[in-house]
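The values are calculated or read from the model by the stated rules, or taken from the named source; none is laboratory data. Just so it is clear, the model here is predicted, and its values are computed rather than measured. Cβ atoms come from the backbone with ideal geometry, glycine included; neighbour counts cover every protein chain shown.
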Amino acid sequence: MERWIGFDTVEIDTVGRRLVVSGNEARLEPKAFDVLLLFARHPGRAFTRDEILDAVWGHRHVTPGVLNRVVTLLRQALGESAERAQYIHTLHGVGYRFDADVRATPRQRADEQELGAETDPPPAVGDGEVDAPPSPVRGTRRISARHVAAVLAASVLLAGLAAWLVRRGAEPAPPTRATTPTLVVLPLRAVGGGHDETVLADGLSEELTTQLARAEGLHVISSTSARLAQEQHLDPQQLAVRAGTTHALEGSLREADDTLRIDLRLIETPSGRTLWAQGYDRKLADVFAIQREIAQAVSVALAARLGLSATPREGKIDLAQYREYVELRTMLESPEVTLNAALNRPRQETALARLRELVARAPDRPMAMAYLARVLAGWRDLRTQMPLPGAIEEAERDAARALELDPDNADAHAASGILACRRMDWNACLAGLKRAVDLAPADVRLRSVYAYRLGGLGYLAEAQREAEAAARADPLLPPTQMILARLDDTLGRHDDARHVLDTAFNLDTAMPQIGIYAAWYNAFWRRDYAAAEAIAASMPAEYGYRESYLAAARTRGDPARWSEVLPLIEASERQLGRYNFLRWQQPGFDAGTAFARIESMLREGYPSYFLSLWQPEYAHMRRIPEFQDFLRDSHILDYWRAHGFPPQCKPDGNGAKCD
């Protein structure tokens, strides 16, 4: 088995476990090197995520982000990125493929000629045995050390020249600085490492993000992407390239007895130059006064340099209650929980019960109460996708009370808006969500909900702008990218949607259910039936829809073959007890029966098939009498008359005509 293998200017020492790129050794974590070795020994092969995890980690019980982080490290070492993939290519719903002309390197051949013997085989990758391609024929003639040195010298010169030419032709362009300052607030490091310190650090980081996101003329990266950036140890240059930042705020927090020490530093990206630094020593009991003071000071510092205004938040709460609130919020909405909701539902239910207990203990504190109202307003039973019994009434009471206590609470406005959407009171719905977004502009979940609601009422351009803002604020995680892709598809921009989907899957190939189906529909609408079939084949069997989606892709758009699909659609509905929206792809399907489904989805805001009403592919649905009934019954027509018709629609007698 080869000791040295390589491609282009990259050389891999399979025995010494070294990676050399353009003559310079690049350091890799052990698992990252194992994944690279697996890829390099099987160029051109498509690996599923499970195959990689089995081969390298020996099992599949690792968090979804582990492999993503390793692939990111490999891409950085090889001089590429997800957006500029040269070797490691993401395959939607499958995994990865490594494309390179892998061969024995000059270093390998020289070693063989000098030693005239077989090298020891490299250790097995992980716990799995991975087959390697056949070794090249090895020479056995010994040659002089002087000849070896000459060959190596020539090889180094040629490799250096090749590397220079490759860099001139393929080196990524330097990151373009954003026209608007873009800041990431990296989570404060808890110096002591204790649980209470960590929770407090997370809460203060979130508060700084929220406050600074309100500053005029500044884009702020969401807390979720900021947390991931810190976990991936992105340096200032990587922050500028991957997150599009111009500045980063970093710092640390330490508790000692009743004293709190916070050190902050504002740096410029990608240069890493420090622009401002300040330390704070205060009593721990004054944590919320400190919070406001820091937000004020940072805003003023940024205003002096970036033309921003300071808008510190008011309000205070018991410190112990605040710690619990921050911890429960993380349990309910952290990406690792929400991207696999079914698996983590017991954890979320425990957090919800504790949140209710916290609100009961502090009935006059709006923070936890408003957040509970927001959670309950959008909470669904995983099987029926319907609200929990009594949850809507509880959410309405808590939202109203929280707004009495704090009229500027973003969660309370969000809850009120979501509840109004369920009643199809579109004026209160959009007003509440808009107010929530204004109060918490870095909350990408809020902005995404607002985008969906605008899109559902036909305001597609406004919806896309909100989705773009959410995607820009959350550049390192896929859910907001998925929403932007969905709206691009709604506008008929399927190639644009595909590009956004590529970005999302490059961020995380372990996409949740919504991501796999979004990719399938995009491929189907683009008439790329081969891609649709490959995506359907990757759908987990437990979803219950795989066979019907496979069959639909295999029709290749031939209406005559839908007789093969319908029995599978019906079987999935019997198995799951839920409607299969694949029916909407059937040529000549009965659009009239779909409007009851659309109205239900519009009330719940889930799933996003209600956006299909505005797609070019479903124009026939806007031309039948049931469409006019739908506009009236859902009160959309009333809202249009009061607030203006979307561009694709105009008044037509007692109804509307939509192109």
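Results, tabulated for the structure shown:
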read-out: Residue count, the stretch 1-27 (criterion: surrounded by fewer than 20 Cβ atoms within 10 Å (Cβ to Cβ) and not hydroxyl-bearing (S, T, Y)); value: 14
read-out: Cross-chain or 6+ apart pairs with Cβ under 8 Å, the stretch 227-246 first and under 18 Å from L74 (Cα atoms), then charged (D, E, K, R) and in a helix (DSSP H, G or I); value: A229/R242; E231/R69; Q232/R69; L234/R242
read-out: Residues that are under 35 Å from the mean Cα position of the chain (by Cα) and at positive phi, drawn from the stretch 606-654; value: H635, G644
read-out: Count of residues meeting criterion [surrounded by fewer than 24 Cβ atoms within 10 Å (Cβ to Cβ), closer than 24 Å to Q211 by Cβ and touching a Gly at 6+ places or on another chain (Cβ under 7 Å)] in the stretch 387-424; value: 1
read-out: Pairs, first in contact (Cβ under 8 Å) with a residue 40 or more places away in the chain in the stretch 567-593, second surrounded by 18 or more Cβ atoms within 10 Å (Cβ to Cβ), C-beta under 7 Å, six or more apart; value: Q585/F524; Q585/A552
read-out: Selection from the stretch 597-630 of residues that are closer than 21 Å to V449 by Cα and aliphatic (A, V, I, L, M); value: I598, M601, L602, L611, L613
read-out: Residue list for the stretch 188-243, restricted to those being within 19 Å of L446 (Cα to Cα), touching a Pro at 6+ places or on another chain (Cβ under 9 Å) and part of a helix (DSSP H, G or I); value: S205, E206, T210, Q211, A213, S223, T224, S225, A226, R227
read-out: In the stretch 422-444, residue farthest from L487 (Cα to Cα) [restricted to those that are modelled with pLDDT under 95 and within 23 Å of the chain's Cα centre (by Cα)]; value: L439
read-out: Residue in the stretch 254-278 that is modelled with the lowest pLDDT, counting only those that are closer than 20 Å to Q230 by Cβ and in contact with a Lys or Arg (Cβ under 7 Å, 6 or more places away or on another chain); value: L275
read-out: Tally, over the stretch 353-385, of residues that are farther than 14 Å from S416 by Cβ, hydrophobic (A, V, I, L, M, F, W, C), touching a helix residue (DSSP H, G or I) at 6+ places or on another chain (Cβ under 7 Å) and at pLDDT 90 or above; value: 5
read-out: Among the residues listed as A552, A534, A541, A518, the single one being within 21 Å of the chain's Cα centre (by Cα) and among the small types (G, A, S); value: A518
read-out: Cβ-Cβ under 7 Å pairs, at least 6 apart or on other chains, the stretch 252-275 side free of Cβ contacts under 8 Å to residues at least 12 places away in the same chain, far side surrounded by 14 or more Cβ atoms within 10 Å (Cβ to Cβ); value: R273/I267; T274/R265; T274/I267
read-out: Residues being surrounded by 22 or more Cβ atoms within 10 Å (Cβ to Cβ) and either at pLDDT 90 or above or of a type in the set (A, V, I, L, M) (or both) - total across the stretch 226-245; value: 8
read-out: Residue under evaluation H499, criteria (1) assigned to a loop (DSSP other than H, G, I, E, B); (2) surrounded by fewer than 19 Cβ atoms within 10 Å (Cβ to Cβ), criterion not met; value: (1)
read-out: Selection count, the stretch 10-62, where residues are within 14 Å of F98 (Cβ to Cβ), touching a strand residue (DSSP E or B) at 6+ places or on another chain (Cβ under 6 Å) and of a type in the set (D, E); value: 0
read-out: Which listed residue is over 19 Å from T180 (Cα atoms) and either surrounded by fewer than 24 Cβ atoms within 10 Å (Cβ to Cβ) or among the charged types (D, E, K, R) (or both), from R486, R465; value: R486
read-out: Given (1) of a type in the set (S, T, Y); (2) surrounded by fewer than 24 Cβ atoms within 10 Å (Cβ to Cβ); (3) within 22 Å of L218 (Cα to Cα), number of the condition Y450 does not satisfy; value: (2)
read-out: Spans of helices (runs of 4 or more DSSP H) in the stretch 522-590 with at least 3 residues more than 22 Å from A497 (Cβ to Cβ); value: 546-554, 566-576
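Each row is one residue, and each column tells you yes or no for (1) under 29 Å from L484 (Cα atoms); (2) touching a residue at least 40 places away in the same chain (Cβ under 8 Å); (3) among the hydrophobic types (A, V, I, L, M, F, W, C).
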| position | (1), (2), (3) |
| --- | --- |
| P346 | no, no, no |
| L352 | no, no, yes |
| L403 | no, no, yes |
| A414 | yes, yes, yes |
| A420 | yes, no, yes |
| L446 | yes, no, yes |
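Matching residues to (1) closer than 29 Å to D381 by Cβ; (2) surrounded by 18 or more Cβ atoms within 10 Å (Cβ to Cβ); (3) in contact with a strand residue (DSSP E or B) (Cβ under 7 Å, 6 or more places away or on another chain):
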residue: E573; (1), (2), (3): yes, no, no
residue: W614; (1), (2), (3): yes, yes, no
residue: A619; (1), (2), (3): no, no, no
residue: S634; (1), (2), (3): yes, yes, no
residue: D638; (1), (2), (3): no, no, no
residue: G644; (1), (2), (3): no, no, no
residue: Q648; (1), (2), (3): no, no, yes
residue: D652; (1), (2), (3): no, no, no
